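**Student:** I am attaching a structure below and will ask some questions about it afterwards.
The values are calculated or read from the model by the stated rules, or taken from the named source; none is laboratory data. The model shown is predicted, which means the values in this text are computed figures rather than measured ones. Note: ideal-geometry Cβ built from the backbone for every residue, glycine included; neighbour counts use all protein chains shown. We work out accessible area using only protein heavy atoms, side chains counted, and drop any ligands, DNA or RNA first. Shrake-Rupley method; radii C 1.70, N 1.55, O 1.52, S 1.80 Å.
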Amino acid sequence: MTDQVAPPDLLPVRMLNEYAYCPRLFHLMHVEGRWADNVYTEEGREVHRRVDRLEHVLPDPEADPAPKTRARERDEGDEPPTISRSVSLGSDRLGLTAKLDLVSTAGNEAVSVETKRGRVPDNPERSWEPERVQLMAQGLLLREHGYRTDHGVLYFAGSKTRVDVPFTTDVEARTLRLLDDARAAAMRTLLPDPLEDSPKSNGCSRSGICLPGETLALRQVPPIPEAEGATAVRRLYPAREDALPLYVQEQGARVGKRGEVLIVTKGEEELERAKLKNISQLVICGNISVSAQTIQLLCEASIPVVHLSRGHWFYGVTQGITLRNAYDRVRAGAGGGERKLREALPEPALHIRRRPAMMPEDGWR
Ligand code: SF4
């Protein structure tokens, strides 16, 4: 089987954004054709639906302003820019195509405005790289069509914030490099590795297909030994307990405590509360945080915290070092229990008990 497929004629700029976000996401969507929406993609589509209502073409950048306009410019200042929405552009030379949300033009100067769902990011650039790359690619297309453009604008609908993105030589070089990489990736049939511990996976619409944590975990599991001739493994059924596991699956939730009660919250909202005595284990699935005080309480109470991925694959367990046995021995020693035990037990049983000399003279602390 070949590991290459036919390249797309023109790469949509949206695909470039997805490649910059995660090469594995790009592969799942555009090579394997696995589509799955989540709340973020639906919201993003709705934002673009509003922008897409009108289809426009750009004015000719070489066109001479009308004589009437020139006269008005002299008398009343500059003409307002022309706004064109949902503009389709393509370039064979770049191998790119795009539908621009909104382009503001004045003469041969153009500024592309890309609308994003959500709030403005809290980072120095006030934007994420895939968005800057997408905007720069739109700028390259505008230049191909005769316009001059030295920056673009990101508009974050969630916070109603406008962010200028300068088209620096670094952004341009990075965009062209990613464009080459994305075109090469579109021809490969080999699925790239998942991102490791990336917050991008939390909002990714393909995380249920990609299973990043599980895929990486399986890489570290040694292969199962040959089962030939081996006897079947006997199934074990644990005893039933009154306490039950508390599963927390809401992504972004936090587990805290008040006294001996665990409280699960998300933002300001309380989702669940459970008494410690009713919990046999706390099972957190995916992006859930647990306060240090809660972990200490659970360790003291010998209640394990089980860490699973969002898809319920096992990562590990946080477990306190239980001293219950030591406390029992102290109690037994203080009440003359050691002597009573010696009298109650038949002689052979005494040989298998623990040596009392193991206990310090002043008892366990
Ligand atoms: S879940 Fe993470 S690794 Fe997988 S495709 Fe999405 S962003 Fe990439």
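**Student:** Provide Thr169, Thr318 ordered by accessible surface of protein heavy atoms (probe 1.4 Å), highest first.
**Tutor:** From most accessible down to least: Thr169, Thr318.
**Student:** Also: Show me, for region 159-167, the HN-Hα J-couplings you get by feeding each phi into the Karplus relation (A = 6.51, B = -1.76, C = 1.60, θ = phi - 60°), rounded to Hz, glycine and proline as x.
**Tutor:** With coefficients 6.51, -1.76 and 1.60, one gets 10, 6, 10, 10, 10, 7, 10, x, 8 Hz.
**Student:** With every protein chain left in place, what is the accessible area of Trp313 in Å² (1.4 Å probe, nearest 10)?
**Tutor:** 110 Å²
**Student:** So, one more: Could you order Leu262, Leu218 so the one with the most accessible surface comes first? Probe is 1.4 Å.
**Tutor:** Leu218, Leu262
**Student:** Could you state how much accessible area Phe26 has, in square angstrom rounded to the nearest 10, with a 1.4 Å probe and all protein chains kept in place?
**Tutor:** 0 Å²
**Student:** With contacts defined as alpha carbon pairs under 8 Å and 6 or more residues apart, what's the relative contact order of region 244-318 in percent?
**Tutor:** The normalised contact order for region 244-318 reaches 30 percent.
**Student:** So what are the ³J(HN,Hα) numbers for region 9-24, from phi and the Karplus equation (6.51, -1.76, 1.60; θ = phi - 60°), rounded to whole Hz, Gly and Pro as x?
**Tutor:** 4, 10, 8, x, 4, 4, 5, 5, 4, 5, 5, 5, 5, 6, x, 5
**Student:** In square angstrom, rounded to the nearest 10, how much accessible surface does Thr149 have for a 1.4 Å probe?
**Tutor:** Thr149 has an accessible surface of roughly 10 Å² with all protein chains in place.
**Student:** Based on the alpha-carbon gyration tensor of region 159-203 and its eigenvalue square roots a ≥ b ≥ c, which shape applies: rounded if a/c is under 1.5, prolate if not and a/b is larger than b/c, or oblate?
**Tutor:** oblate
**Student:** Test of understanding: what is the full-extension gain from Ser302 to Asp197, defined as 0.36 nm times their sequence separation minus their Cα-Cα distance?
**Tutor:** 35.0 nm
**Student:** Leu216 to Arg93: FRET efficiency via 1/(1 + (r/R0)^6), r the Cβ-Cβ distance, R0 51 Å, to the nearest 0.05?
**Tutor:** Details: r = 39 Å, r/R0 = 0.77.
It comes out at approximately 0.80.
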